[in-house]
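**Q** Take a look at the following structure, please.
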Amino acid sequence: MELNGRTLFLCLLTTILLSGGFSVAAQEKTYRVALIAHSPPLSYTDQTGKFTGFNVEMAIELCAAMKIRCVQQPLPIDKIVDMAAADQVDFAVVGFIATPERQKRVLFSKAYFQSISVWMAKPSVAAGNSRSSVAVIKGSAQASHAQAMGWKTIQGATNVEITSMLASGVADAAVLPMLGALSLAQEASLLPLGLRFTVLSGPLITGTLHMVISPKQPELVDRINAAIDQIKRDGRFDRINTQFVPFSLL
């Protein structure tokens, strides 16, 4: 039987479809997952060149729990909310406070860990010692907490200044967000001090952090929330927490 071009094309297309030539994987959505490019211990590139950290491993486990294919997109933190709002990423495994301003632009998951602040000092300097000089970031929640506690504070504009204060002995301790403290502890100039962390509590410096979700992907909210619950229930959250952070984030 002689076949014209159109008939031949239809026959070939039918054969491909019946044989599974168009795989499920070809039709499966790839989700774009934003992460902070460099924010140890949440996300960083280790000595072997591997991109890893608490949030990086959480992203892997979340995608596995949801049975979705994901591609990671390391980004500067100040770009993440804007990109989610513009649907340039599907969700971000980055802890954000769900402020009213942000809620107008993006969706949020349930809380997945706590915002923690720490007292960072040499072992000989007790947490909350009223005679200690305490370095804080100017205008931060930690600065407000330290002042409310009556501690003698020295204010700096950046973590670089805080590092210099601690290394030189101008400050006996620092009160910082947990993430900033862990990052500073890796600075070569501070390693000889053997700095230790004490977790602090107070209404100004504690709270819940949430993942950001594109407003174009509302179905992801329930799926991500269920995946967070599953990861916490089956022990994966605790394993990742222990691997990267020296105290519980819950």
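**Q** If we keep just the residues of segment 189-215 that are exposed (fewer than 13 other Cβ atoms within 10 Å of the Cβ) and either in a helix (DSSP H, G or I) or in contact (Cβ under 8 Å) with a residue 12 or more places away in the chain (or both), which is farthest from the chain's Cα centre (by Cα)?
**A** The first filter runs over segment 189-215 and keeps only residues exposed (fewer than 13 other Cβ atoms within 10 Å of the Cβ), leaving 189, 191-192, 194, 201, 203.
Within this subset, residues satisfying the condition of being either in a helix (DSSP H, G or I) or in contact (Cβ under 8 Å) with a residue 12 or more places away in the chain (or both) are 189, 191-192, 194.
Numbers: S189: 26, L191: 25, P192: 28, G194: 26 Å.
Taking the candidates together, the pick is P192.
**Q** For segment 57-77, how many residues meet the condition of being assigned to a helix (DSSP H, G or I), open to solvent by 40 Å² or more (accessible area, probe 1.4 Å) and touching a helix residue (DSSP H, G or I) at 6+ places or on another chain (Cβ under 8 Å)?
**A** Residues flagged as assigned to a helix (DSSP H, G or I), open to solvent by 40 Å² or more (accessible area, probe 1.4 Å) and touching a helix residue (DSSP H, G or I) at 6+ places or on another chain (Cβ under 8 Å) within segment 57-77 amount to 0.
**Q** Within the group S39, S23, which residue is farther than 30 Å from A185 by Cβ and either out of contact with any Gly (no Cβ under 8 Å at 6 or more places or on another chain) or at pLDDT below 95 (or both)? Write out each step before concluding.
**A** Working: S39 fails: farther than 30 Å from A185 by Cβ.
Every option except S23 fails the conditions.
**Q** Between residues in segment 59-86 that are more than 18 Å from H210 (Cα to Cα) and residues that are aromatic (F, W, Y) and open to solvent by less than 40 Å² (accessible area, probe 1.4 Å), which pairs lie under 9 Å by C-beta distance while being six or more apart or on different chains?
**A** Correct list of pairs: I68/Y31; R69/Y31; C70/Y31; V71/Y31.
**Q** Please state which of the following conditions Y44 fails to meet, knowing it meets all the rest: (1) within 16 Å of the chain's Cα centre (by Cα); (2) in contact (Cβ under 8 Å) with a residue 40 or more places away in the chain.
**A** The number of the failed condition is (2).
**Q** In segment 83-108, how many residues are surrounded by 13 or more Cβ atoms within 10 Å (Cβ to Cβ) and at pLDDT below 95?
**A** The number of residues fulfilling the criteria is 5.
**Q** Which one is surrounded by the fewest Cβ atoms within 10 Å (Cβ to Cβ) among residues in segment 170-188 that are assigned to a loop (DSSP other than H, G, I, E, B) and modelled with pLDDT under 95? Spell out how you get there, then give the answer.
**A** The initial filter retains those residues of segment 170-188 that are assigned to a loop (DSSP other than H, G, I, E, B), namely 170-172, 185-188.
The next check asks that each one be modelled with pLDDT under 95; those that pass are 185-188.
Details: A185: 21, Q186: 11, E187: 17, A188: 8.
Top of the filtered list is A188.
**Q** Within segment 111-143, how many residues turn out to be loosely packed, with under 15 Cβ neighbours inside 10 Å and outside any loop (DSSP other than H, G, I, E, B)?
**A** Residues flagged as loosely packed, with under 15 Cβ neighbours inside 10 Å and outside any loop (DSSP other than H, G, I, E, B) within segment 111-143 amount to 0.
**Q** Sticking with this structure for a sec: May I ask you to say which residue of D90, D78 is closer than 30 Å to A173 by Cβ and under 16 Å from the mean Cα position of the chain (by Cα)?
**A** Going through D90, D78 in turn, the sole match is D78.
The values are calculated or read from the model by the stated rules, or taken from the named source; none is laboratory data. Values in this document were obtained by computation on a predicted structure and should not be read as measured data. All Cβ positions, glycine included, derive from the backbone under ideal geometry; neighbour counts span all protein chains shown. These accessible areas exclude ligands, DNA and RNA; they are computed on the full protein's heavy atoms, side chains included. Shrake-Rupley method; radii C 1.70, N 1.55, O 1.52, S 1.80 Å.
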